[in-house]
1. Return a yes/no flag: does segment 275-287 have any residue that is at pLDDT 95 or above, surrounded by 14 or more Cβ atoms within 10 Å (Cβ to Cβ) and either in a loop (DSSP other than H, G, I, E, B) or of a type in the set (S, T, N, Q) (or both).
2. Where residues in segment 131-152 are within 16 Å of the ligand (Cβ to nearest atom) and open to solvent by 20 Å² or more (accessible area, probe 1.4 Å), which of them is farthest from ALA319 (Cα to Cα)?
3. I need the full set of residues from segment 176-197 which are touching a Pro at 6+ places or on another chain (Cβ under 6 Å) and either β-branched (Val, Ile, Thr) or more than 16 Å from the ligand (Cβ to nearest atom) (or both), in order please.
4. Looking at segment 41-81 only, could you name the residues that are of a type outside the set (Gly, Ala, Ser), assigned to a loop (DSSP other than H, G, I, E, B) and crowded, with 24+ Cβ neighbours inside 10 Å?
5. I'd like to verify a number: residues in segment 414-429 that are in contact with an Asp or Glu (Cβ under 9 Å, 6 or more places away or on another chain) and in contact (Cβ under 8 Å) with a residue 24 or more places away in the chain, how many?
6. Quick check on my filter: what residues within segment 310-334 are closer than 22 Å to GLU97 by Cβ and either surrounded by fewer than 18 Cβ atoms within 10 Å (Cβ to Cβ) or acidic (Asp, Glu) (or both)?
Amino acid sequence: MTELTNLKVAEIRDGFRAGDFSAREVAEAFNANVAAAKALNAFIVETPDHALAAADAADAARAKGDTPAPLAGVPIGMKDLFCTQGVQTTAASHMLEGFTPTYESTVSGKLWQAGAGMLGKLNLDQFAMGSSNETSYFGNVISPWKRNDGGNASLAPGGSSGGSASAISARLCPAATGTDTGGSIRQPAAFVGISGIKPTYGRCSRWGIVAFASSLDQAGPMARDVRDNAILLETMAGFDPKDSTSLDLAVPQWEAGLSSNLKGKKVGIPKEYRVDGMPADIDALWEKGIAFLKDAGAEIVEVSLPHTKYALPTYYIIAPAEASSNLARYDGVRYGQRDLPEGAGLQDMYAATRAAGFGPEVKRRIMIGTYVLSAGFYDAYYTQAQKVRTLISRDFERAFEQCDVLLTPTAPSAAFALGEKQADPLAMYLNDVFTVPASLAGLPAMSVPAGLDAQGLPLGLQIIGKALDEQGVLNAALAIEERAGFAARPDKWW
Ligand code: GLN
């Protein structure tokens with residue numbers, strides 16, 4: 001039999017239903033990999049018993065002949081930004097160390113209801129702020145990939161969903177949840193050779209997910225292929241009255257709708273994404289992607305998104321502004337950490353708690369956010385950024401008059417070494433250049449692995465779709481996946 005931990009979600013689901021193995025065997029196999037791969041630091045908390053309990057319930061239901069739940073027998077990883085009842089939820093911050101929610105996030109609750117089990121809570125950048133997973137209070141995650149040039153540098157798995165990316169790529173879980181505010185599903189997926197989709201803003205409930213920037217935050221799945229993403233997204237999406245921005249729409253059957261035949265479809269290539277200094281490998285991959293989509297029957301058109309160059313500065317005003325407001329709740333009174341110096345008053349407690357609880361990147365964002373929202377600078381920065389955000393959305397609306405989906409690289413580089421960009425926040429922010437525009441416009445976007453660079457590291461292509469057209473995004477990604485035949489996986493060294 002194939003190694004159970006090498007199976008994808010659809011294979012586990014179907015094999016379990018066919019009686020090829022028990023859910024317990026699957027959960028035990030993944031639990032063993034999680035325990036053996038501590039060197040990757042992908043998990044903040046391991047929950048083997050949660051996975052086993054869900055597996056035993058699935059096995060018992062199968063023995064009784066019950067109709068199987070959609071994800072019966074499938075264990076997954078949960079980004080530690082989702083509140084999980086009775087299981088510590090930290091957002092990778094000292095501020096929330098020891099915080100054990102009394103409730104379950106809507107998205108994680110839907111997954112458990114569908115029969116999935118939890119292998120553990122996955123590491124991430126602190127409060128999901130970062131592109132390398134180096135801002136975590138619990139230490140950086142390590143990518144299971146190494147460059148093939150003999151250098152032994154540890155590589156970043158991307159961020160903020162770096163734990164999810166590293167764990168899936170190393171076969172510690174077949175799939176995981178991610179969240180994406182400016183690229184945190186897509187960029188880490190690209191760095192480790194897996195796929196992940198950020199759905200349209202409002203598709204997945206934000207209720208119970210630790211908030212970063214509420215007008216941008218979206219949950220989504222990360223998995224090894226497009227089908228698995230479709231399967232998970234069907235469970236995760238759906239209207240939730242507890243989230244006022246949740247879309248009251250039926251969830252499409254994305255898995256059943258998968259088709260890689262793109263006849264009659266138009267794929268737009270935004271010319272502004274051809275940035276200076278892009279590595280030749282990434283340019284070549286983009287050309288390959290164009291050829292793949294043509295081969296699948298699509299027509300290629302060049303389109304223009306003229307305000308693209310403003311997307312990054314706009315994002316790095318709006319996201320910190322919202323973060324500074326969302327993170328005001330961590331005051332030592334309600335959640336997690338409290339630092340109460342001898343004889344201190346209330347203000348001193350706030351200051352001491354926040355000084356000790358937040359990491360440097362979080363403090364940087366709070367300071368930028370409060371600055372751009374301050375009375376003297378609000379109009380110059382925040383109002384202006386909101387106007388530019390509208391222009392960016394309009395760019396996409398116009399482009400989608402000429403095409404059905406857009407094709408771009410996911411990130412301007414392959415995975416970089418740990419420490420390489422840590423001292424230079426701007427260099428780190430630049431890594432989000434291709435992912436933030438779709439976030440600002442609330443559009444569905446997906447990264448799919450499409451090849452390796454000269455150093456043997458995975459590279460991803462991004463498909464951006466019209467609002468609510470996750471199907472179009474998944475189908476174009478599938479057309480690339482089938483043709484790229486990406487099968488590389490990291491050597492086991494951990
Ligand atoms: N890397 C981006 C940031 O640091 C995006 C993070 C995210 O999507 N959560 O803000």
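1. Checked against the condition, which is being at pLDDT 95 or above, surrounded by 14 or more Cβ atoms within 10 Å (Cβ to Cβ) and either in a loop (DSSP other than H, G, I, E, B) or of a type in the set (S, T, N, Q) (or both), segment 275-287 yields no hits at all.
2. Per the stated criteria, the residue is ASN140.
3. Residues satisfying the conditions are VAL192, GLY193.
4. Scanning segment 41-81 gives LEU71, VAL74, ASP80, LEU81.
5. Number satisfying all stated conditions: 7.
6. ALA328, ARG329, ASP331, VAL333, ARG334
So that you can scan it fast, the table gives a plain yes or no per residue for (1) open to solvent by less than 10 Å² (accessible area, probe 1.4 Å); (2) hydrophobic (A, V, I, L, M, F, W, C); (3) within 16 Å of the ligand (Cβ to nearest atom):
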site	(1), (2), (3)
SER154	no, no, no
ARG171	no, no, no
SER205	yes, no, no
LEU232	yes, yes, no
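Residue-by-condition table, conditions (1) within 16 Å of the chain's Cα centre (by Cα); (2) hydrophobic (A, V, I, L, M, F, W, C):
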position	(1), (2)
GLY442	yes, no
ALA454	no, yes
LEU457	no, yes
LEU468	no, yes
LEU474	yes, yes
GLU481	no, no
PHE486	no, yes
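The values are calculated or read from the model by the stated rules, or taken from the named source; none is laboratory data. Model, not experiment: these values are computed from the prediction. Don't worry about glycine lacking a Cβ; one is built from the backbone with ideal geometry, like all the others, and counts go over all protein chains shown. Calculation scope for accessible area: heavy atoms of the full protein, side chains included, ligands and nucleic acids excluded. Shrake-Rupley method; radii C 1.70, N 1.55, O 1.52, S 1.80 Å.
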